[in-house]
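Encoded as structure tokens, the structure appears first; notes follow it.
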Amino acid sequence: MKSVNTIETYKANAPAVVTIGTFDGVHIGHQKIVERLINTGKAEGLKSVILTFFPHPRMVLQKELSIKLIDTIAERQAKLKALGLDHLLIIEFTEAFSRLSAEEFVKTILVDKLRTKKVIIGYDHRFGRNRNADINDLKHYGKLYNFEVEEISAQDINNVAVSSTKIRKALNEGDIAKANAFLGYNFTITGTVITGKGLGRQLGFSTANIRVEEDYKLIPKQGAYVVSSLIDGEKVFGMLNIGLNPTVRGNNTLSIEAHFFNFNKDIYNKTIKIELHKRLRDEQKFESLEALKSQLEKDKKTALVYFQEPQG
């Protein structure tokens, strides 16, 4: 897959079949659309192209909402690449871009830049300034500029019954099982391992403190989770705490700390990706460090049982 971050540098070397959207999470619904896009491209001799936006339009046009995203842009790129797409075009979404009329968008980007011959799009897709154009307008422009519009029906979309909004809600509520089911894979957190206070080691549960660089990345509800990671080619299992560490700190600094079982390599300053499998419990304030340690032992047993059971 070729990924391009500016429309100016994109060079269309063949006619394209295109779909448009933010694709946050690249969930099971997105995956069906991408599969349809790729299969159409192969069948009709067209390059498969996704046109996506970053930042998310709501980050620019509705700043007061402070939306968090399931994926960082790098995570989104990696997931789309894995699906076998030919081209990913990431357009920087700005207020100026949002003011393009529907016809300007179609003519300058879809027709002139992408050499679009077919657009595959949801029945409810809206575009152009103030999102005032719909699929009927797109079909009109298709006739005008000689490209076909293939509509993804309400039935097709409703059959999937999943959306990025529903996944964000599940993650904010700590329902990692529902989020993972909607995504079609385990939700991940990617970050750099930084130095912590060393308290975990004193308790017999040394932790990797994770710093997530992207402040727009959605971090699930505070609590303890069963996790795994691939570190230097080795699959490791463990548990993760997201929270304020009320037993030992009790301040307002959110921390993300992973304890991996039977693992003692030095991974400071490494960037690692952690998969969240199951939520264990809410974060708690314990009366003593001994009580905290006792709970961590229980959490570890639960996590080990989880990984020993058939998953599927």
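The values are calculated or read from the model by the stated rules, or taken from the named source; none is laboratory data. Remember, it's a predicted structure, so these values are computed and weren't measured experimentally. All Cβ positions, even for glycine, are placed from backbone atoms using ideal geometry, and neighbour counts span all protein chains on display.
Looking only at residues that are polar (S, T, N, Q) and more than 15 Å from D24 (Cα to Cα) in the range 48-65, which one is surrounded by the most Cβ atoms within 10 Å (Cβ to Cβ)? Checking each candidate, the answer is S48. For the range 70-85, a residue qualifies if it is more than 13 Å from the chain's Cα centre (by Cα) and either buried (at least 16 other Cβ atoms within 10 Å of the Cβ) or within 19 Å of S163 (Cβ to Cβ) (or both), and the qualifying residues are L83, L85. Could you list, in sequence order, all residues of the range 152-178 that are surrounded by 15 or more Cβ atoms within 10 Å (Cβ to Cβ) and in a loop (DSSP other than H, G, I, E, B)? Selection gives V162, S163, G174, D175. Filtered by the rule that a residue be closer than 20 Å to N262 by Cα, without any contact (Cβ under 8 Å) to a residue 40 or more places away in the chain and not basic (K, R), the range 160-201 gives a lone residue, G198. Residue selection: T6 fails the criterion of being modelled with pLDDT of 90 or more and of a type in the set (S, T, Y).
For beta carbons closer than 9 Å, sequence separation of 6+ or different chains, a first residue in the range 87-114 that is among the hydroxyl-bearing types (S, T, Y) and a second that is crowded, with 19+ Cβ neighbours inside 10 Å and assigned to a strand (DSSP E or B), the qualifying pairs are S101/A133. Restricting attention to the range 109-148, the residues that are outside any strand (DSSP E or B), modelled with pLDDT of 95 or more and among the hydroxyl-bearing types (S, T, Y) add up to 2. Could you look through the range 146-193, keep only residues that are of a type in the set (F, W, Y) and in contact with a strand residue (DSSP E or B) (Cβ under 7 Å, 6 or more places away or on another chain), and pick out the one that is nearest to I73 (Cα to Cα)? Applying the filter and picking the extreme gives F187. Does the range 134-151 include one or more residues that are surrounded by fewer than 20 Cβ atoms within 10 Å (Cβ to Cβ), within 25 Å of the chain's Cα centre (by Cα) and under 28 Å from T94 (Cβ atoms)? Within the range 134-151, none of the residues are surrounded by fewer than 20 Cβ atoms within 10 Å (Cβ to Cβ), within 25 Å of the chain's Cα centre (by Cα) and under 28 Å from T94 (Cβ atoms). Checked against (1) more than 22 Å from V160 (Cα to Cα); (2) of a type outside the set (K, R); (3) in contact (Cβ under 8 Å) with a residue 12 or more places away in the chain, E35 passes all but condition (1).
Residues of the range 260-312 that are of a type in the set (A, V, I, L, M), touching a residue at least 24 places away in the same chain (Cβ under 8 Å) and either loosely packed, with under 12 Cβ neighbours inside 10 Å or not assigned by TED's automatic domain parsing to the domain that holds L199 (or both): none at all. For the range 1-27, the set of residues classified as under 20 Å from S164 (Cβ atoms) and either without any contact (Cβ under 8 Å) to a residue 24 or more places away in the chain or not in a strand (DSSP E or B) (or both) consists of G21, T22, F23, D24, G25, V26, H27, listed by residue number. Look at the range 56-85: where a residue is over 23 Å from I274 (Cα atoms) and without any contact (Cβ under 8 Å) to a residue 12 or more places away in the chain and a partner is surrounded by fewer than 16 Cβ atoms within 10 Å (Cβ to Cβ) and among the hydrophobic types (A, V, I, L, M, F, W, C), sitting 6+ places away or on another chain with Cβ atoms under 9 Å, you get R58/L65.
Considering only the range 18-37, I want to know if a residue exists there that is farther than 25 Å from R129 by Cβ, small (G, A, S) and modelled with pLDDT of 95 or more. Scanning the range 18-37, I find at least one residue that is farther than 25 Å from R129 by Cβ, small (G, A, S) and modelled with pLDDT of 95 or more, so the answer is yes. You will find that of V236, V193, V248, V226, the residue that is in the same structural domain as L280 (by TED's automatic domain parsing), surrounded by 21 or more Cβ atoms within 10 Å (Cβ to Cβ) and either modelled with pLDDT of 95 or more or out of contact with any Asp or Glu (no Cβ under 9 Å at 6 or more places or on another chain) (or both) is V226 and no other.
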